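Written below as C-alpha cells is the structure these notes are about.
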Amino acid sequence: MRESGSCTGNGGVRTGSRLRHGEREGRDRGPLHRAAAGLLAAVAALALAAPAAAAPDGADDPDVLRPQGVDAQGLPLQPDGLAGPSRGLGRPITRMQILARAAIWADAAVGYSQLKFRKGWRTDCSGYVSMAWELGRNHWTGDLHQVGERVDFADMRPGDMLLYHNRARPKDGSHVVLFERWVGEPGGDFVMYEQTPPSVKHRTWSDSGYSRKRYKSYRYRNVIEDEAVWYPVAGDWDGDGRVTAGTAVPEGDAWRWRLSDDPRGATTDADFLFGDVRKLPIVGDWDGDGRWTPGTVDLTGEHHDWYLANSLRGGEPDVRLGYGDVEKAPVVGDWDGNGTFTPGVVDAEGDVRDWYLANSLAGGDHDVHVGFGDVDKVPVVGDWNGDRVSTPGVVDGDGEHRDWELTNSLDEPATDTEVSFGDVAQLPVTGDWDGDGFVTPGVADPAPGHEWRLSNALASGIADTVFAYAGAPMVPGGPAGPSPSPAAAPSVVPLPLPTASISPAVPSPTPSAPAAIPGAAIPTTPVSAPPGSATPGGDAGPLPGSTPEPSASPAAEFAPPPGVPPLDQPTVLH
C-alpha cells in the first residue's frame, strides 16, 4: 500500500506543546469557527495565536522574501513534481466546509514550504487557499484571481480571500489569506487563516501588520450559499426493489429530505428533517431490511464520522461510527453481498484510485483494498452484474458526454463495461431503476427544472426514463403525513462513538471530487445553477428520442446568490 503523507514572516510563532482536544488559548474564536470545529469530529479548538513580539511579520516589506511554488514561467508546481497550469474551478463547496478544511491544517500546525506537499496540496500560502477551496489543482497568487470574483472589502464573508500579487516580484513578494469573520463591524479588523512561516496561523489581521491597501478581496466563484444547495439522492425508499429519486436541501440547521416512491418522481412520499446540515447527506440500507434510509458524513477531523438512520424520520441517528481518512472520498456499498450497506473511502493519489472498504458498521480498519479507476475520474458504486455485490466504477468528465468504466470484481478489478451516457454538465447517479437486479447509470440535471435521465441498461444511448423532480413539498396529510416544522430540526450533537481506529496503512490522498454511493448522485457538495439557465455546457432539452414527463408537482427552485456564474466544471454529489 502507498503511504502518504509564497510566504515568509517572523512573528506570531506558536511555542510549547500543541493544544489537546478541547483546550483553547487566547481569544474566543467566534461562532463560525466553533461550528466548523464542531463539524470536524477530531479537530481541536484552536485559538488565535498571540504575536511573539511587538514587531509584525512585515509581510508587505519588499525586503521580505515570500517564495511560492512556481517554475521560471510562473506555472504552479504540482505534486507529481512537474509544473503545470491550474485546472480552474473545483467542485462547489460551502463556506463552512472551506473553514473546516482550513482548520485542519491550523490544528496540525502544517509547516510552510513552497516545494513540499501535504496530501497533494502545496504547503505555501496559495497552496493553502487551493486546498481550502478544494480547487482542481494547486494555484499560485498569479492566477488565484481567475477562480474568484472581486467583492468589496466590507462585503467579505467567511471563506473569501484577500490577495496581494506583487507584479514586480511575483514569485517571492506576494501573499494570500483566508477571511474567517469580522472582529467588530464589517470593514474593520477581522480574523483570518494564512500559511506563512513557520506554520499556518489563525489570528487577526491587526496582529499581522499587513497593509490593507495592497490587498484585493475575492470570493470563490463556486462557493455555495445555503439557498443554492440541491443534493439529488436516490434509493429504494419503500423496499419494492426499484431505486427512485429524492433530494436533500438545507433548512435551518438540518437537512430536509424529500423522497419519491414513483419511478417518474410524480409524488413526494416522504418529507422529514434529519442530520446536521454541515455534514454531507448519504443513503443506504444500513440494517438489511430492504429499505434505504438517510445518513450524514462529517468530512473534517482525523477521520470521517458517520451518522446513520434506519427509518425515514427525523431525530437522532441509530448508528454512529468513525471510519476512513478524512481526506479520502466517502462511498457506501454492499461489498460482501450480505444485504447491508457499509462504508468505504476512495483515495486519489498517484495514477489509480485506491478503494478501502469495510464490511461492517463497527469502524476500525478496512476489510478490502482494491485499485481501480483513473484518479482524474469520479468514483461511482453499483451492482453492475446482478450478483448482489457492490463494485467500483469511475465516470469521466471530459468531452461532450460522460464515459463510464465499470468493474464487476473486488479481487483483481479490470474494466468489464464501458458506457457513454449523460451530458458532462449533469450529475451521475446510479440505481436499479426498473427492479431487475442490475444497477445502471443515470444523470440528474442541476439546472432549474432538475431533470433526471435514467438508463435501464449498461449500454450507450438515450435515456429510458426522463422526468423532473426537485423535491417538491408534499401536500399536508399526504402519504407520509404533514411535513414537520422547521423548529423540529433534530439535534445531532455527537455522542461517544464506537471505538474506531483508522488503519495506519491507509494512504493519504490528494483531495478530489468526492465519490458516489449506489443510487445516489455523486456530488458531496451543493450544486447550483443560475435561474433560467440551461445546463452549463449542455443543451436545455431532452435527449434525442426521449419524452420528458414533468413531475405532478412544480419543481422547487434554489437560486444561487447574485453574481454566481455557471459552473466551469460540473461536479458530483455523493
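Structure notes:
- Check on W286, under 23 Å from A103 (Cβ atoms) and either touching a helix residue (DSSP H, G or I) at 6+ places or on another chain (Cβ under 7 Å) or not polar (S, T, N, Q) (or both): no
- Inclusion of R402 among residues that are touching a Pro at 6+ places or on another chain (Cβ under 9 Å), farther than 29 Å from D240 by Cβ, crowded, with 18+ Cβ neighbours inside 10 Å and among the charged types (D, E, K, R) is not warranted.
- Residue under evaluation S126, criteria (1) under 26 Å from L280 (Cβ atoms); (2) within 21 Å of the chain's Cα centre (by Cα); (3) not in a loop (DSSP other than H, G, I, E, B), criterion not met: (1)
- Note on region 220-276: no enclosed strands (runs of 3 or more DSSP E) hold 2 or more residues that are outside the structural domain of V443 (by TED's automatic domain parsing), modelled with pLDDT under 95 and within 23 Å of the chain's Cα centre (by Cα).
Condition check ((1) in contact with a Leu (Cβ under 8 Å, 6 or more places away or on another chain); (2) buried (at least 22 other Cβ atoms within 10 Å of the Cβ); (3) of a type in the set (K, R)) across all residues:
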{"site": "V368", "(1), (2), (3)": "yes, no, no"}
{"site": "G386", "(1), (2), (3)": "no, no, no"}
{"site": "T407", "(1), (2), (3)": "no, no, no"}
{"site": "T415", "(1), (2), (3)": "yes, no, no"}
{"site": "V419", "(1), (2), (3)": "yes, yes, no"}
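- Residue that is surrounded by the fewest Cβ atoms within 10 Å (Cβ to Cβ) [pool: residues in region 348-364 that are among the small types (G, A, S) and over 14 Å from G322 (Cα atoms)]: G350
- Candidate set from region 84-118 (those that are surrounded by fewer than 23 Cβ atoms within 10 Å (Cβ to Cβ) and basic (K, R)); member that is modelled with the lowest pLDDT: R87
- Selection status of W404, assigned by TED's automatic domain parsing to the domain that holds N338, part of a strand (DSSP E or B), among the aromatic types (F, W, Y) and closer than 23 Å to G284 by Cα: yes
Yes/no per residue for (1) at pLDDT 90 or above; (2) surrounded by 14 or more Cβ atoms within 10 Å (Cβ to Cβ); (3) in a strand (DSSP E or B):
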position: R157; (1), (2), (3): yes, yes, no
position: R167; (1), (2), (3): no, no, no
position: K171; (1), (2), (3): no, yes, no
position: V177; (1), (2), (3): yes, yes, yes
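- Residue within region 290-313 that is surrounded by fewer than 24 Cβ atoms within 10 Å (Cβ to Cβ), farther than 30 Å from D107 by Cβ and in contact with a helix residue (DSSP H, G or I) (Cβ under 7 Å, 6 or more places away or on another chain) present: no
- Whichever residue in region 167-219 is aliphatic (A, V, I, L, M) and in contact with an Asp or Glu (Cβ under 9 Å, 6 or more places away or on another chain) and, among such residues, is farthest from Q114 (Cα to Cα): V183
- Flag if G337 is more than 25 Å from G136 (Cα to Cα), assigned by TED's automatic domain parsing to the domain that holds D387, surrounded by fewer than 24 Cβ atoms within 10 Å (Cβ to Cβ) and out of contact with any helix residue (DSSP H, G or I) (no Cβ under 7 Å at 6 or more places or on another chain): yes
The values are calculated or read from the model by the stated rules, or taken from the named source; none is laboratory data. Worth saying up front: this structure is predicted, and the values here are computed from it rather than measured. Ideal geometry is used to build each Cβ from the backbone, glycine not excepted, and the neighbour counts take in all protein chains shown.
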